[in-house]
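Below is one structure, written out as structure tokens; comments come after it.
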Amino acid sequence: MVKHMTIDDAIKVIVASYGDIEFVARTLPVDADEVAKATAEPDTAEAVALALLKKYNPPTIKE
Amino acid sequence: MAAPNRILPGFSASMWMQSGATPTAFTTANLAVWTAQVATIVGTSANGTGAAGVPLAIEAVPAFGQDDAVASFSIAGTRQSDKIPVQSAPTSLTITAAWNPSDAGLLLIRGDAISGVIDRTFVIAAVDGASTIAYAFNGRVGQFQIDSAPGAEAKCTFTVHPRGNQYGWSNT
């Protein structure tokens with residue numbers, strides 16, 4: 001079982017990065033359902049980070 | 001990386017950069033944020049605030065983007081070879097400007113070229129009326145030459161090498 005990091009912590013990692021944030025966002029272990037519920041102020045670095053997390057962690061479909 | 005959500009029918013392009021002698025370059029995510037970030041580098045003539053930036057009076061904004069890098073494979077006797085795209089670097093921007101030894105922007109560029117290790121945030125702004133689309137990137141200056149040939153006005157040529165993956169689009 002993968003231990004997820006919080007969305008806030010994941011966003012902080014992406015916002016502070018000088019590297020390829022697409023790659024960083026792709027590798028952070030976050031819960032897709034939490035990502036789907038998260039919101040951020042538009043036109044902020046946090047919104048950029050959250051959009052990338054949503055791109056690489058689409059919500060899971062439960063049966 | 002979000003693409004700009006504006007379409008400009010026509011535009012004028014200008015180039016801006018952080019004004020500090022030893023600036024703290026933007027993090028990658030902030031390169032895609034206009035409000036309070038990229039806007040502080042872009043001057044009011046391009047709809048920014050310009051509190052932390054200076055214009056670069058350059059002849060023309062050069063092409064920017066990604067270089068082409070391929071690995072070529074061929075087999076003797078076959079008609080066509082194969083080119084596979086491989087990791088390629090961002091395009092370096094070689095820029096010419098009229099040399100003015102009291103221009104703040106050009107002096108910063110010269111200082112960066114002498115140092116070689118200063119990361120600075122640059123912005124290329126495309127403006128049409130009240131709308132601006134900004135391409136921001138971090139880069140280092142790798143070359144600075146002054147050509148003071150007597151037959152023409154003195155000019156300087158410098159090259160900005162963007163850092164890999166450190167770019168972002170934003171707009172008003």
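The values are calculated or read from the model by the stated rules, or taken from the named source; none is laboratory data. Just so we're clear, the structure is a prediction, and the values are computed from it rather than from any experiment. Cβ sites come from the backbone with ideal geometry, for glycine too, and all protein chains shown count toward neighbours.
Going residue by residue through the stretch B:133-149, is there one that turns out to be of a type in the set (Val, Ile, Thr), in contact (Cβ under 8 Å) with a residue 12 or more places away in the chain, surrounded by 12 or more Cβ atoms within 10 Å (Cβ to Cβ) and assigned to a loop (DSSP other than H, G, I, E, B)? Looking for residues that are of a type in the set (Val, Ile, Thr), in contact (Cβ under 8 Å) with a residue 12 or more places away in the chain, surrounded by 12 or more Cβ atoms within 10 Å (Cβ to Cβ) and assigned to a loop (DSSP other than H, G, I, E, B), one finds none in the stretch B:133-149, hence no. Counting just the residues of the stretch B:1-41 that are at pLDDT 95 or above, assigned to a loop (DSSP other than H, G, I, E, B) and within 14 Å of chain A (Cβ to nearest Cβ), which one comes out farthest from A:VAL15 (Cα to Cα)? Taking the candidates together, the pick is B:PRO23. Taking the numbered list (1) touching a helix residue (DSSP H, G or I) at 6+ places or on another chain (Cβ under 8 Å); (2) free of Cβ contacts under 8 Å to residues at least 40 places away in the same chain; (3) of a type in the set (Val, Ile, Thr); (4) more than 9 Å from chain B (Cβ to nearest Cβ) in turn, A:ILE7 passes all entries but (2). Annotation note: of B:GLN66, B:GLN87, the sole residue that is modelled with pLDDT under 95, surrounded by fewer than 16 Cβ atoms within 10 Å (Cβ to Cβ) and within 20 Å of B:ALA32 (Cα to Cα) is B:GLN66.
Is it the case that A:VAL35 is under 9 Å from the mean Cα position of the chain (by Cα) and crowded, with 18+ Cβ neighbours inside 10 Å? Taking the combined requirement at face value, the residue satisfies it.
Quick one: is B:ILE114 in a helix (DSSP H, G or I), modelled with pLDDT of 90 or more, more than 18 Å from the chain's Cα centre (by Cα) and more than 22 Å from B:ARG6 (Cβ to Cβ)? Answer is yes for this residue.
A:ALA36 - would you say it is away from chain B (no Cβ under 14 Å) and within 30 Å of B:ILE133 (Cβ to Cβ)? So A:ALA36 fits the description; yes.
Cβ-Cβ contacts under 6 Å between residues 6 or more apart (or on different chains), taken from a first residue in the stretch B:150-168 that is β-branched (Val, Ile, Thr) to a second residue that is surrounded by 18 or more Cβ atoms within 10 Å (Cβ to Cβ) and in a strand (DSSP E or B), are listed as B:VAL160/B:LEU93; B:VAL160/B:GLY139; B:VAL160/B:VAL141. Scanning the stretch B:42-79 for residues that are out of contact with any Phe, Trp or Tyr (no Cβ under 6 Å at 6 or more places or on another chain) and not in a loop (DSSP other than H, G, I, E, B) yields B:THR44, B:SER45, B:ALA46, B:VAL54, B:LEU56, B:GLN66, B:VAL70, B:ALA71, B:SER72, B:PHE73.
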